[in-house]
Structures are given as structure tokens and as C-alpha cells.
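Data block below; observations after.
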Amino acid sequence: MRHLMYATMEDLDELVTIDQQVIGSTSRRDFIQKAIAERRCIIQKTQCAIVGFLIFSTDFFDCSFINLVIVKPTERRKGIATSLLAYYVERASTQKVFSSTNQSNTTMQKVFATAGFIRSGYVENLDEDDPEIIYFKLR
């Protein structure tokens, strides 16, 4: 059974460990800690452990923005990212919800499509030769 809920500070080390498994460093620890403190981090748990998390903000042109979706590598392709997105969109404080991913991240592009997000443009020059694709969904 899976449970979705807001992260607490007791979850911080486990979230940083999952993030490290994905990106290879603990460089986002402060970012994750701040999101938890501000109640902007949602986790998905099984009976044993956290399997994924989502961090959001509401300062993208006064709209909700999903900054980060991370799923534990051993738990991928089980619908976790899609369920985190759906859970957040249902509770978003604005009607419009945005997110983004690199053009090279075809896996996340498929997740957005599955979750009902549509492409809404792109931004160049964030990562060299890898434009950021913006996605959108109405709540």
C-alpha cells in the first residue's frame, strides 16, 4: 500500500539519500530541507520506505510549478511519479500547474504525457544544447 503526504524533517535524510542515488551528490540537501520546512514537499511511502518525492512552488508567474520529481531508482516504472503529479495537481493552490524537463529526458516527457500535461513551450540556454521543455495542466 502506498501513502502520499507532506514530508517532515524526519524524512530529510531519506530524501537526500534518494536524491543522491539519482543525481550522484547531496548538493540539493538545503533545497530539500527548505521545501520540507515550507510544506512544499510531498512524499510517497510504502509500508517500509519512501519511494519518491515531489517539490513544488507557487511563484512561477503566480502559478503552481513542480520543481522536482524524484523516484528511487529501484522503484521506477511503477507509476510513482504519475501518482505524485496527480496528487499535487489535485491539491494545487492555483488553477494552472506548470513543470519542466530537459529535452533529453524522454522518460519524464512520457510521465508528463501520461499525467495529462501538455507542452507549453521551451527555454533555451539553461543547459547547453539541451532545452528545457515547459509542461502545463489545468487543475
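Some values worked out for this structure:
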| quantity | calculated |
| --- | --- |
| Tally, over the range 120-139, of residues that are in contact with a helix residue (DSSP H, G or I) (Cβ under 8 Å, 6 or more places away or on another chain) and either open to solvent by 30 Å² or more (accessible area, probe 1.4 Å) or at pLDDT below 95 (or both) | 2 |
| Selected residue (only one of GLN44, GLN109 is under 13 Å from the mean Cα position of the chain (by Cα), open to solvent by less than 20 Å² (accessible area, probe 1.4 Å) and of a type outside the set (A, V, I, L, M)) | GLN44 |
| Residue within the range 20-31 that is part of a helix (DSSP H, G or I), among the aromatic types (Phe, Trp, Tyr) and modelled with pLDDT of 95 or more present | yes |
| Wholly within the range 42-139, strands (runs of 3 or more DSSP E) carrying at least 3 residues that are in contact (Cβ under 8 Å) with a residue 12 or more places away in the chain and farther than 27 Å from GLU10 by Cβ | 96-102, 118-123, 132-138 |
| LYS96 being at pLDDT 95 or above and open to solvent by 30 Å² or more (accessible area, probe 1.4 Å) | yes |
| Sole exception among (1) closer than 25 Å to ARG139 by Cβ; (2) without any contact (Cβ under 8 Å) to a residue 24 or more places away in the chain for ASP30, by number | (1) |
| The range 1-19 - residue that is farther than 24 Å from SER64 by Cα and part of a loop (DSSP other than H, G, I, E, B) and, of those, most open to solvent (accessible area, probe 1.4 Å) | MET1 |
| Options VAL71, VAL22, VAL51, VAL89: the member that is β-branched (Val, Ile, Thr), open to solvent by 30 Å² or more (accessible area, probe 1.4 Å) and touching a strand residue (DSSP E or B) at 6+ places or on another chain (Cβ under 6 Å) | VAL22 |
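The values are calculated or read from the model by the stated rules, or taken from the named source; none is laboratory data. Source: prediction; values computed, not measured. Note that each Cβ is placed from the backbone with ideal geometry, even for glycine, and that neighbours are counted across all protein chains shown. Keep in mind that these areas ignore ligands, DNA and RNA; they rest on the heavy atoms of the full protein, side chains included. Shrake-Rupley method; radii C 1.70, N 1.55, O 1.52, S 1.80 Å.
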